[in-house]
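Below is one structure, written out as structure tokens, with a few remarks after it.
Every number here is computed from the coordinates shown, using simple stated rules; none is lab data. None of these values were measured; they are calculated from a predicted model. Cβ: placed from backbone, ideal geometry, glycine included. Neighbour counts: every protein chain shown.
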Amino acid sequence: MKIKKYLFILIFVISLSFFSFSALNSSSVINFDFYTYKGEKYSLQKFKGKYVLLNLFTSYCPMCLVELNILNKLNQTCKSDEYKIVSLLVDKEGMILLPKIVDSRNLTYIVGIAPSDIFKIFPDFSITPTTYILNQNGNLVERVVGYKNLKDWTKILNKYVNCN
């Protein structure tokens, strides 16, 4: 009897997370403001009309830092004007390291600091790196969890824009 109870609870929790993701996926426009380490203010609304690869990372995640380099290469090799890459640091303790992270990797795309309510904006976010792909209207169309290499990112991005 206990096994059935735990199984029911597990299925219930999984279905809740699925429905919350699909609800976010289908109709919610994602828009918020963020700042770069240089103090420049951006709004996701600025990128309306483009796909956005919104990468969330931490300063203490080795694969996140490697993926920043991969996203930089993707930004340089996929010359389409139909997308933007934005990486946001989610750990406030790492803010002091952000200038060094950006400069030492010669990142050529927008890197900033996630707003304090990022976990409310993306309630399914728990693993870094995680990248959310937003369509031209700001709706979530895909969630990519974990590190991906350049070939994987090119394949993912080619579903939305032409990188060839």
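Going by average Cβ density within 10 Å per residue, which order do the peptides 75-88, 115-128 take, highest to lowest?
Peptide ranking by packing, descending: 75-88, 115-128.
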- prompt: Relative contact order for segment 30-157: what is it in percent, counting Cα pairs under 8 Å that are at least 6 residues apart?
  reply: 35 percent
task: Kindly provide the pair-distance distribution of segment 30-157 built from C-alpha pairs, with 5 Å bins from 0 and whole-percent values in order of increasing distance.
output: 2, 11, 23, 27, 23, 12, 2
- prompt: With a 10 Å Cβ neighbour count serving as the proxy for reagent exposure, in which order, fewest first, do TYR35, TYR51, TYR109 appear?
  reply: TYR35, TYR109, TYR51
- prompt: Which whole-Hz ³J(HN,Hα) couplings does segment 91-102 yield from phi under the Karplus relation 6.51 cos²θ - 1.76 cosθ + 1.60, θ = phi - 60°, glycine and proline marked x?
  reply: 9, 5, 5, x, 4, 5, 8, 4, x, 5, 4, 5
